[in-house]
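Worksheet for the structure shown next.
Each value in this text was obtained by applying a stated rule to the coordinates, not by laboratory testing. Predicted model only: the values in this text are computed from it and were never measured. Cβ coordinates were reconstructed from backbone atoms using ideal geometry, including for glycine residues, and neighbour counts include every protein chain displayed.
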Amino acid sequence: MTLHIGILAHSAEGATLCYRTAWLDCVSRIVAHFHPEFTMSCVDMHLGLDAWERGDLEMLRSIFLADAGKLAAAGCDFFVLPDNTAHIALEAPGAPFPIPCLHIGEVVADRARADGRRKIGILGTDWTMTGPVYPGVLGRRGLDWEIPDEADRQTVHGIIFDELCLGILTDESRATCVGVIDGLAARGCDAVALVCTEIPLLIGAENSPLPIFDSTRLLAKAAVEVALGDRPLPAWRGGPL
């Protein structure tokens, strides 16, 4: 018996990659065409963009709480939210989510510690790079971290929202992100966490100057492990860790 995986989608490209990775992981490790049940819920990301600009975590959390309720009603045993920035709102105080959530940052940080890394570059939206989620999950594991300078952060943020979230991939933006990762390497990072779920569509191990932690694929594979009983069912239902 397998558990029912809920995917709470905030941005379409990242959620799609998460679902596809989880599905492929299942059929490669078990048998062709076998996988746990998946249910995805996704409200229009446009509804939350103004709230992100205002820093209105209460409103954002209410959006995610409503979507999690749909996943619970569909019978999901737990959910993943393949959007790193969204975890800022998930970690905010508020009513508990109706089913537990597998925290994307915890998955990434666990892998970084297991791989023996010391200083992780954080590459994502400006909200994620300057926010509390990754300093928290890395710091609790004794890992150091670094973010790009302000100009590079704004450049990467623009690439994410103006291109990657809209399905646009360009060689120019790939080269720009490689240059930003080069800068993180120069500042002592021994790996980079791709903590916008769309960045792995642009940057991979084959073109990154640093070893990567692909948050999207790591989360997807961890969700499969939970569903198959190879990883404990998460207990976290939102709020401060």
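Values computed for the structure shown
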quantity: Relative contact order computed over the range 105-215 (Cα-Cα under 8 Å; 6+ residues apart), in percent; calculated: 35
quantity: Value at 222 nm in deg cm²/dmol, rounded to 500, when DSSP H runs of n ≥ 4 in the chain each add -39,500 (n - 2.57); calculated: -14500 deg cm²/dmol
quantity: Spin-label pair Val27/Thr2, simplified geometry with 7 Å Cα→Cβ offset, distance in nm; calculated: 1.1
quantity: Among Glu225, Glu150, Glu106, residue whose mean-square fluctuation peaks in a GNM of the chain (springs only between Cα atoms under 10 Å); calculated: Glu150
quantity: Difference of contour (0.36 nm per residue) and Cα-Cα distance, Glu58 to Ala114; calculated: 16.8 nm
quantity: Relative exposure of Met40, Met129, Met59, Met1, judged by other C-beta atoms within 10 Å (fewest first); calculated: Met1, Met59, Met40, Met129
quantity: Relative contact order [Cα under 8 Å, 6+ residues apart], the range 1-147, whole percent; calculated: 24
quantity: Counted charge near Gly183, where neighbours are those whose Cβ lies closer than 10 Å (Asp, Glu -1; Lys, Arg +1); calculated: -3
quantity: Net dipole in debye of the range 105-215 [+1 Lys, Arg Cβ; -1 Asp, Glu Cβ; about Cα centre; nearest 20]; calculated: 580
quantity: Spherically averaged projected area in nm², based on the convex hull that wraps the Cα atoms of the range 128-213; calculated: 5.3
quantity: Only Lys, Arg (+1) and Asp, Glu (-1) charged, at Cβ; the chain dipole about Cα centre in debye; calculated: 880
quantity: Charge dipole of the chain about the Cα centre (unit charges at C-beta), most positive-ward option of Ala220, Cys196, His10; calculated: Ala220
quantity: Residues of the range 205-224 with amide N under 17 Å of a point placed 7 Å along Cα→Cβ from Val178; calculated: 205-212
quantity: Sorted by Cβ neighbour density within 10 Å, fewest at the top, the residues Thr85, Thr21; calculated: Thr21, Thr85
quantity: Cα-based convex hull, the chain, per residue volume (Å³, whole number); calculated: 118
quantity: Val108, Val226 arranged by Cβ crowding within 10 Å, fewest neighbours leading; calculated: Val226, Val108
